[in-house]
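Colleague: Before we start, here is the structure in question, set down as structure tokens.
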Amino acid sequence: MLYGTGLKKGRSNLDLNEYQKAANRTLLGKEQVLTNCALGLSGEAGEVADLVRKYTFQGSDLDKDQLVKELGDVLWYLSQVAQWADIPLEDVAQDNIERLTARYPTK
């Protein structure tokens, strides 16, 4: 199980809305949640960028385990910004795919 969420570790068919609901269980605080989550999203994206920077410019190996953790943190904050705005995460993903398809119709 994943941290008492009822989700089994290694499960490959977790949908985004199910993730969003499970992630929301761990959200702390009631005031300024949007600001906290938006700033957290920015900070975690910076952690991802730093791993890539070290790989690209400093000759470090890309630590994929750490990258997975940082991307998970990005996903958590992203899901909570969407949750705050009452937007299902699957809607965010679907809209993005539709825009990418329109932008790159032959790929």
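The numbers here are math on the coordinates, done by the rules we state, and not lab data. Since we're looking at a predicted model, the values are computed, not measured. Don't worry about glycine lacking a Cβ; one is built from the backbone with ideal geometry, like all the others, and counts go over all protein chains shown.
Colleague: So how strong a dipole does the chain carry about its Cα centre when Lys and Arg Cβ are +1 and Asp and Glu Cβ are -1, to the nearest 20 debye?
Modeller: Dipole magnitude for the chain comes out near 220 debye.
Colleague: A further question follows. Expressed in nm to one decimal, what extension gain is obtained for the pair residue 86 and residue 18 from 0.36 nm per residue of sequence separation less their Cα-Cα distance?
Modeller: 23.1 nm
Colleague: Say each of residue 60 and residue 27 gets a label point 7 Å from the Cα, pointing the same way as Cα to Cβ; how far apart are those two points in nm?
Modeller: In this crude label model, residue 60 to residue 27 measures out at 3.1 nm.
Colleague: Under the Kirkwood approximation applied to all pairs of distinct alpha-carbon atoms, what is the hydrodynamic radius of the chain in Å?
Modeller: Roughly 15.7 Å, rounded to one decimal.
Colleague: Quick one, could you list the DSSP H helices from the chain stretching 18 Å or more along their long axis (Cα atoms) with average Kyte-Doolittle hydropathy of -1.0 or above?
Modeller: What comes out of the filter, once short or polar helices are dropped, is 33-57, 64-84, 89-103.
Colleague: How far apart, in nm, are the 7 Å Cα→Cβ label points at residue 103 and residue 50?
Modeller: Result: 2.7 nm between the two label points.
Colleague: Something else about it: Using helices alone, I'd like the mean residue ellipticity at 222 nm for the chain: each DSSP H run of four-plus residues gives -39500 (n - 2.57), total over residue count, nearest 500.
Modeller: After summing the helix terms and dividing by residue count, I get -22000 deg cm²/dmol.
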